[in-house]
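Below: one structure, written as structure tokens.
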Amino acid sequence: MLTIKQITEDTDKVIKGLEKKHFAHAKETIAQVLELNDKRRNAQNQLDRNLAEVNATSKAIGALMKEGKKDEAEAAKARVAEIKEASKGLQAEMDKAAEDLQNLLYTIPNVPYDEVPEGATAEDNLVVKMGGTETELPKDALPHWELAKKYNLIDFDLGVKITGAGFPVYRGKGARLQRALINFFLDEARQSGYEEVMPPTVVNAASGYGTGQLPDKEGQMYHCNVDDLYLIPTAEVPVTNIYRDVILDEKQLPIKNCAYTECFRREAGSYGKDVRGLNRLHEFSKVELVRIDKPEHSKLSHQEMLDHVEGLLKKLELPYRILRLCGGDMSFTAAICYDFEVYSEAQKRWLEVSSVSNFDTYQANRLKCRYRSADKKTELCHTLNGSALALPRIVAALLENNQIPEGIRIPKALVPYCGFDMID
């Protein structure tokens, strides 16, 4: 979340940035923040004065008693009791203001960087690069859900029977393709210097607040009510929370982690929006990259992550494009975000397969993720993450873009992982 220092040092810039994200009532919310902070600070200042008076008066009581000034000593005792009673109310007032301030700060999104484009919807995103292998399919090309049925790769109906819509069952070469992609992505990440971790796929509320999924995305997360735990929407949550309440040494940075997990998203309100086949699932596999870095190095880290994801798409021989998201289409927590999309030749549309974001100090402030510099100062880290990659739409594009009369061709980079070069 934003710090009070960030808000008070340049209130107008913060408000302008929030308006770029189309955050409703930005001015009113920031005014509330400043009002609550003043209330908390004033109460704290008065408490400090009260404590100083209590300490001074308490010392005086002993001297008065020694001098035989009993009446004055009793008056001083009464004054100490009066101050302590008043301080109880001040403490309650300060605690309430601090709690209200914290809860309000949780509702304010990150402020975007200056280079984030203006805009309200996905139509306003800026295409910064296009690349990959163009595909020409036969006229009778099939979408991936029909290919999956034809070659017995994915059973969507069986998933509905076992669980419900959005929980497919992968079979045969479909299951092997999933496993091949996971191992391929993890190997590529490891070769790029990422340490693999295998985190839990359920987290507590503190972890959700730490990375900003709570309270912003509470309606999108599966909640285990009895235990008050949440199924993760992305490995970003447990992996980044490894560094919650941690002070790192500057020499440890940048930290580079990768993780494969299942991800769970309720996708509330998305029904009817391109939900056929693998386009929008409630459970899916994903390999995530997470970086913890120093502020002055985080932009370079972000570019390295973008290059890594682009390299994966090149090796998968898929047509792709990279978009810099506009303020209105960017996530709650991101300061800047690039999306990668692959082109589905059979569906004739672009499919998002990765978002790579720099969160600046926003998550680190929530997490209390800090580092100690060479001069022994403690500073907030920058956090970054990105999908490398999410499997469902990659699988959809691979099936659709590689269909030939003999079957479905497997890209060369995946053949050693699949153990076959054709689905037929």
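The values are calculated or read from the model by the stated rules, or taken from the named source; none is laboratory data. Bear in mind the structure is a predicted one, so any value in this text is a computation, not a measurement. Neighbour counts are summed over all protein chains in view; Cβ atoms, including those assigned to glycine, are modelled from backbone coordinates with ideal geometry. Accessible surface is based on the protein model in full, side chains and every heavy atom, while ligands, DNA and RNA are left aside. Shrake-Rupley method; radii C 1.70, N 1.55, O 1.52, S 1.80 Å.
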### Message
Checking the structure you have, find out if any residue of region 354-367 is free of Cβ contacts under 8 Å to residues at least 40 places away in the same chain, assigned to a strand (DSSP E or B) and either among the β-branched types (Val, Ile, Thr) or within 19 Å of Gly131 (Cβ to Cβ) (or both).
### Response
yes
### Message
Please go through (1) open to solvent by 80 Å² or more (accessible area, probe 1.4 Å); (2) within 30 Å of Asp216 (Cβ to Cβ); (3) of a type outside the set (Val, Ile, Thr) for Leu34 and return the number of the only condition it doesn't satisfy.
### Response
(1)
### Task
Test Gln91 against the criterion of being open to solvent by 50 Å² or more (accessible area, probe 1.4 Å), farther than 23 Å from Thr333 by Cβ and under 37 Å from the mean Cα position of the chain (by Cα), and give yes or no.
yes
### Message
Restricting to region 137-158, and then to whatever is closer than 19 Å to Glu406 by Cα and without any contact (Cβ under 8 Å) to a residue 12 or more places away in the chain, can you tell me which residue is least open to solvent (accessible area, probe 1.4 Å)?
### Response
Glu146
### Task
Out of Glu196, Glu218, report the one residue that is at pLDDT below 95 and either closer than 21 Å to Asn183 by Cα or open to solvent by 60 Å² or more (accessible area, probe 1.4 Å) (or both).
Glu218
#### Entry: Members of region 385-412 that are in a strand (DSSP E or B) and in contact with a Pro (Cβ under 9 Å, 6 or more places away or on another chain)
Gln403, Ile404
### Task
Return only the number of the condition from (1) more than 30 Å from Arg349 (Cβ to Cβ); (2) touching a strand residue (DSSP E or B) at 6+ places or on another chain (Cβ under 8 Å) that Pro112 does not satisfy.
(1)
## Note on the structure
Counted residues in region 376-391 being open to solvent by 10 Å² or more (accessible area, probe 1.4 Å) and over 29 Å from Leu105 (Cβ atoms) come to 1
### Failed item, numbered, when Leu101 is tested on (1) within 21 Å of the chain's Cα centre (by Cα); (2) surrounded by 15 or more Cβ atoms within 10 Å (Cβ to Cβ)
(1)
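Here's the yes/no breakdown for (1) of a type in the set (D, E, K, R); (2) open to solvent by 60 Å² or more (accessible area, probe 1.4 Å); (3) in a loop (DSSP other than H, G, I, E, B); (4) within 17 Å of Ala205 (Cβ to Cβ):
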residue	(1), (2), (3), (4)
Tyr230	no, no, no, yes
Pro233	no, no, yes, yes
Thr261	no, no, no, no
Asp274	yes, yes, yes, no
Val287	no, no, no, no
### Summary
Considering residues that are of a type outside the set (Phe, Trp, Tyr) and assigned to a strand (DSSP E or B), the number found within region 307-336 is 5
## Note on the structure
Looking across region 38-53 at residues that are in contact with a helix residue (DSSP H, G or I) (Cβ under 8 Å, 6 or more places away or on another chain) and of a type in the set (A, V, I, L, M, F, W, C), the single one that is surrounded by the fewest Cβ atoms within 10 Å (Cβ to Cβ) is Leu51
### Message
Quick test of your reading of the structure: Val128 fulfils all but one of (1) assigned to a helix (DSSP H, G or I); (2) of a type in the set (Val, Ile, Thr); (3) in contact with a strand residue (DSSP E or B) (Cβ under 7 Å, 6 or more places away or on another chain). Name the failing condition by number.
### Response
(1)
### Query
In this structure, does Arg265 turn out to be at pLDDT 95 or above and over 15 Å from Arg291 (Cα atoms)?
yes
### Query
Going by the structure shown, is Lys129 in contact (Cβ under 8 Å) with a residue 12 or more places away in the chain, touching a Phe, Trp or Tyr at 6+ places or on another chain (Cβ under 9 Å) and not hydrophobic (A, V, I, L, M, F, W, C)?
yes
## Note on the structure
By residue number, the members of region 87-122 that are farther than 30 Å from Lys20 by Cα and touching a helix residue (DSSP H, G or I) at 6+ places or on another chain (Cβ under 7 Å) are Ser87, Leu90, Gln91, Glu93, Met94
### Task
Kindly check whether there is at least one residue in region 296-308 that is more than 21 Å from Tyr194 (Cβ to Cβ), among the small types (Gly, Ala, Ser) and at pLDDT 95 or above.
no
### Those residues of region 159-171 which are open to solvent by 50 Å² or more (accessible area, probe 1.4 Å) and either outside any loop (DSSP other than H, G, I, E, B) or not polar (S, T, N, Q) (or both), in sequence order
Val160, Lys161, Ile162, Ala165, Tyr170, Arg171
